[in-house]
Amino acid sequence: MDVISTRNPAHRATFRHALTANLTPDGGLWIPARLAPFDRIDALLELPFADRCAEILKRLIGDEFAAADLDALAHDAFNFPLPLTQIDAQTYALELFHGPTLAFKDFGARLLARLLALHDRDTTSVTPRMILTATSGDTGAAVASAFWHQPGVRVVVLYPHGRVSEMQERQFAALGDNVLALAVDGSFDDCQALAKACFNDAQLSAELRLTSANSINLARILAQLLYYFEIVAALRVRGVRQAPLISVPSGNFGNLCAGLYAWKRGLPVAQFVAATNVNRTVPDFLQGGEYQPRPSVATLSNAMDVGAPSNWERIAALFANHRGEMHAVMRAGSATDAETRVEIARLWQLGWLADPHAAVASAVLQKLRQPGELGVFLATAHPAKFPDAVVEVTGKPVELPSALAKLLDLPLQAEPLANDVAALKRRLRA
Ligand SMILES: *Cc1c(COP(=O)(O)O)cnc(C)c1O
């Protein structure tokens, strides 16, 4: 799969290069050079999930990885359930939170870890690879879990001190071994800027073999493409042929970008809903304003507290920044914390427990859908990861999945870090 820069198609490389090269030479993001529709979509949709994932990966990157490796990888990486749950007559939730860290970021992180292991198997280096990741909560957990104890890899997680849930923090700051957690005195946007500054330092990147596990890494986006196909496949299993309106709870917009790539590849989708909390950079733009990145505001759905979404550059490139073309396939809206709480309660009445991120997607879907439309929202995190918001509504504690419960007994091993690039570089080199 050839890839090009969002900023200049003359910067062209292989997918393997993009896997480890982080940003493009001109500071942009790697995107697929071609996004032609797949052949035989109907047959593809009839395959069981892991087989379908393997087949899609072969069609995407089979020119750079062996088919047998991709088969093994798909079955091993995605070995947890992915239910499409019916909420009411015309609404479904795709539960993406049954992986080891209970959020959808397990998909991207687990594919990335395995692709890097395959890639490094074919190359030799004595210097361990350093995975550097900025997180608003769930990325750090998924990446730390996916790479924990992986030989030849060190993981550094940057997170905004005091701005992630206790449960999220445990998931990356209590592991130890090859995982270092740095609690930054700043916001998620600050963490993201710190990571970006390191990746922009060519000497540091080479010296430490720095590799991004954030959604600037195209491998993460590819992993997410796979579950959009599952939505349509699972609807067909139920005899539903109507193309869905898919609501995506968005922060950095990697997830929505993956959905749009799936649509470009021929997946029958009616439209997408870009759903945010009050960090309305993208809805404001799509509703006619300027594209204006801004400082993020803390909300209940903290993994979406992003004011300068890094993957918007990919989506803008997909539509050559043409707002009219975006409108043809995307609607956008937002939900406040108050609306999010109301939605958690409404969904609970219907018999389904939502975390705040899924609730944002559902609330915005409700606002923007037309009568008769078939709605699907992505449920990106397990409600147990956000017990405070959930307990308020249900009046009883959420049962902790055992994977989470075990972590609560372990001590935190995070180190504090000033919001300062030089301090970070010193720590990484130490
Ligand atoms: C990261 C995250 C999001 C936002 O996804 P993006 O790809 O950054 O838009 C939504 N929900 C949860 C639970 C997350 O962890």
Hey, in the GNM for the chain with a 10 angstrom Cα cutoff, which one of Gly137, Gly254, Gly395 fluctuates hardest? Gly395
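Sorted by accessible area with a 1.4 angstrom probe, largest first, how do Thr394, Thr380 fall?
These residues rank, largest area first, as Thr394, Thr380.
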With +1 assigned to the C-beta of every Lys and Arg and -1 to the C-beta of every Asp and Glu, and no other charges, what is the dipole magnitude of the chain about the Cα centre in debye, to the nearest 20? 560 debye
Sorted list, accessible surface of protein heavy atoms, 1.4 Å probe, largest first, for Tyr291, Tyr92 is Tyr291, Tyr92
What is the distance in Å between the Cα centres of the range 298-354 and the range 127-181? 25 Å
Counting only helical runs of four or more DSSP H residues, what would the 222 nm mean residue ellipticity of the chain come to if each run contributes -39,500 (n - 2.57) and the total is spread over all its residues? -13000 deg cm²/dmol
Pop out the carbon and sulfur fraction of the accessible area of the range 134-256 as a percent, whole number, probe 1.4 Å. 49 percent
Amide H partners (placed H, <5 Å) of Ser334, local residues excluded: Thr276
Modelling each spin label as a point 7 Å along the Cα-to-Cβ direction, I'd like the Leu412/Phe319 distance in nm, to one decimal. 4.0 nm
Which of the lysines could a cross-linker bridge to Lys105, judged by Cα under 18 Å and excluding same-chain residues fewer than eight apart? Lys385
Can you list residues whose amide H is under 5 Å from Val273's amide H, if they're 5+ apart or on another chain and H is modeled 1.01 Å from N? Ile246, Ser247, Val248, Arg331
The ³J(HN,Hα) series, computed from each phi in the range 32-45 with the Karplus coefficients 6.51, -1.76 and 1.60 at θ = phi - 60°, rounded to the nearest Hz and given as x for glycine or proline, is x, 5, 9, 9, 6, x, 5, 6, 6, 4, 4, 5, 4, 5
For the chain, what is the accessible area per residue in Å², given a 1.4 Å probe and the full set of protein chains? 37 Å²
Report, in whole Å, the centroid distance computed from the Cα atoms of the range 1-47 and the range 196-241. 11 Å
Run through the DSSP bridge list for the chain and note the antiparallel percent, rounded to the nearest 5. 25 percent
Hydrodynamic radius by Kirkwood, which averages 1/r over all alpha carbon pairs of the chain, in angstrom: 21.6 Å
Counting only residues 5 or more places away or on other chains, whose amide H sits under 5 Å from the amide H of Leu417 once H atoms are built in the peptide plane? Ala183, Val184, Asp185
Karplus couplings for the range 255-271 from phi (6.51 cos²θ - 1.76 cosθ + 1.60, θ = phi - 60°), rounded to Hz, Gly and Pro as x? 4, 5, 4, 4, x, 5, 5, 4, 4, 4, 7, x, 5, x, 10, 5, 7
Estimated dipole of the range 160-245 in Debye, rounded to 20 [Cβ of Lys and Arg +1, of Asp and Glu -1, Cα centre]: 680 debye
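The values are calculated or read from the model by the stated rules, or taken from the named source; none is laboratory data. Here the structure is a predicted model, which means the values were calculated and not measured. With ideal geometry, Cβ positions are generated from the backbone for all residues, glycine too; neighbour counts draw on all protein chains shown. With ligands, DNA and RNA removed, areas are computed over all heavy atoms of the protein, side chains included. Shrake-Rupley method; radii C 1.70, N 1.55, O 1.52, S 1.80 Å.
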